[in-house]
Amino acid sequence: MMIVMKQTATDDEVQAVIDRIQSAGARAHPSRGAEVTVIGAIGDVEREIQVAELGLETAPGVDRVVPILKPYKLASKQFNHDEPSVLRIAGAPVGGEHFALIAGPCTVETRDQTLSAAHAVKAAGATMFRGGAYKPRTSPYAFQGLGQEGLRVLAEAKAETGLPVVTELMDARDIEPLRDVADVVQIGARNMQNYPLLSEVGRSGLPVLVKRGLSATLDELLMAAEYVLKEGNPNVMLCERGIRTFETAYRFTLDLTAIPVLKQLTHLPVIVDPSHAAGRRDLVGPLSLAAAAAGADGLIVEVHPDPEHAICDGPQQLRADDFAAYAEKVELVASIAGKSFRAARASA
């Protein structure tokens, strides 16, 4: 349930409510807004019943108590007064009217390749830089990423361009080296239901991008986000990256309907990955424009200076030389949908 405090509530009154929630064995998650404080009371069914019996409606400083019927309490739109969350990633806002354009190569291959891509996407208006140091591959014999050497290259790209870095984490043992470089931790589709990893990332305090699993429902995606949120980490973004269907004409089916539906269910920003959905460079542009028009809060797209010779996923990566024209089209459609990524970059 959600306890909404009065605008006049004192710090002592807020703390008293938190203490009473915790005395019932539930977790208290305070969210302090510009005008009011909301406290989420989270626990299993038995704990929630005990909290409901505390009579918090009449506690000093409490305005009202609102039950949240969804199983994902903290991710629910109710928890944020039906308003979208605006995250700040290294100073750059994401969500609300702020559109994130996250771009870069599928994986860090070499220093020159990575730095070239970083400068190209920065010049075209990208707000964040993506690149994989650790890569989940179907074959155990395929390139698995450069690991910590890849992180060092990403750190250099970040220092030269000033772009926040988004990179994937596969193993909780790599959180510490990644923490020094990453501004956003990406949880890939295959790890969406790796609940111990989600909890560890939640405890890290780093912003998190959770990708939808290959066959996951939206409720399952939101419950995965809840694992991060329940650890006290509010900086979570969701990512629609295509789901597995019967269609074989392209890699995955991009579920554009998920964008407006998620907007109805959650306050968390919704990012779309057209590169992995399409698996084909020629489809990335149309899918990107469709996602922006549908109300997405951003795109995460793969860009490479020489995709024909990329180590992995070359056919789906945009050419760095073409990225500026792509970004211009995305900016136009995003602006029609009421969002801007140039303003987000300028405020970083």
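The values are calculated or read from the model by the stated rules, or taken from the named source; none is laboratory data. Quick caveat: nothing in here was measured; it's all calculated off a predicted structure. Neighbour counts are summed over all protein chains in view; Cβ atoms, including those assigned to glycine, are modelled from backbone coordinates with ideal geometry.
Only one residue in 212, 280, 203, 244 is touching a helix residue (DSSP H, G or I) at 6+ places or on another chain (Cβ under 8 Å), surrounded by fewer than 23 Cβ atoms within 10 Å (Cβ to Cβ) and of a type in the set (D, E, K, R). Which one?
Numbers: 212 fails: surrounded by fewer than 23 Cβ atoms within 10 Å (Cβ to Cβ); 203 fails: touching a helix residue (DSSP H, G or I) at 6+ places or on another chain (Cβ under 8 Å); 244 fails: touching a helix residue (DSSP H, G or I) at 6+ places or on another chain (Cβ under 8 Å).
Checking each option against the conditions leaves just 280.
Just one of the listed residues (250, 227) is buried (at least 19 other Cβ atoms within 10 Å of the Cβ), among the hydroxyl-bearing types (Ser, Thr, Tyr) and either touching a helix residue (DSSP H, G or I) at 6+ places or on another chain (Cβ under 7 Å) or without any contact (Cβ under 8 Å) to a residue 12 or more places away in the chain (or both), namely 227.
Pairs are defined by a Cβ separation below 6 Å, a sequence spacing of at least 6 or placement on different chains, a first member in region 290-316 that is part of a helix (DSSP H, G or I), and a second member that is of a type in the set (Val, Ile, Thr); the pairs so defined are 291/272; 292/330; 292/333; 293/333. Considering (1) touching a Lys or Arg at 6+ places or on another chain (Cβ under 9 Å); (2) hydrophobic (A, V, I, L, M, F, W, C); (3) more than 19 Å from residue 298 (Cβ to Cβ), the lone condition that residue 189 does not fulfil carries the number (3). Reported count of residues in region 115-134, each being modelled with pLDDT of 95 or more, surrounded by fewer than 24 Cβ atoms within 10 Å (Cβ to Cβ) and touching a Gly at 6+ places or on another chain (Cβ under 6 Å), is 0. Against the list (1) outside any loop (DSSP other than H, G, I, E, B); (2) surrounded by fewer than 24 Cβ atoms within 10 Å (Cβ to Cβ); (3) of a type outside the set (Val, Ile, Thr), the condition residue 255 fails is (1). Tell me, please, whether a residue that is among the aliphatic types (A, V, I, L, M) and out of contact with any helix residue (DSSP H, G or I) (no Cβ under 9 Å at 6 or more places or on another chain) can be found in region 176-188. Yes - at least one qualifying residue is present in region 176-188. Among residues of region 56-78 that are touching a residue at least 40 places away in the same chain (Cβ under 8 Å), those with a Cβ under 8 angstrom from a residue that is in a strand (DSSP E or B) and surrounded by fewer than 19 Cβ atoms within 10 Å (Cβ to Cβ), sequence gap 6+ or separate chain, pair up as 62/4; 63/4; 64/4; 65/4; 66/4; 78/66. Only a single criterion out of (1) closer than 21 Å to residue 229 by Cβ; (2) in contact (Cβ under 8 Å) with a residue 60 or more places away in the chain; (3) surrounded by 15 or more Cβ atoms within 10 Å (Cβ to Cβ) is not satisfied by residue 43, namely (2).
Against the conditions (1) surrounded by 17 or more Cβ atoms within 10 Å (Cβ to Cβ); (2) in a strand (DSSP E or B), residue 88 satisfies every one except (1).
From 231, 220, 226, grab the single residue that is under 22 Å from residue 43 (Cα atoms), in the same structural domain as residue 172 (by TED's automatic domain parsing) and not in a helix (DSSP H, G or I). Before you say what the answer is, go through the steps one by one.
Working: 220 fails: not in a helix (DSSP H, G or I); 226 fails: not in a helix (DSSP H, G or I).
Every option except 231 fails the conditions.
Out of everything in region 334-348 that is outside any loop (DSSP other than H, G, I, E, B) and modelled with pLDDT under 65, what residue ends up being surrounded by the fewest Cβ atoms within 10 Å (Cβ to Cβ)? Among those that are outside any loop (DSSP other than H, G, I, E, B) and modelled with pLDDT under 65, it is 346.
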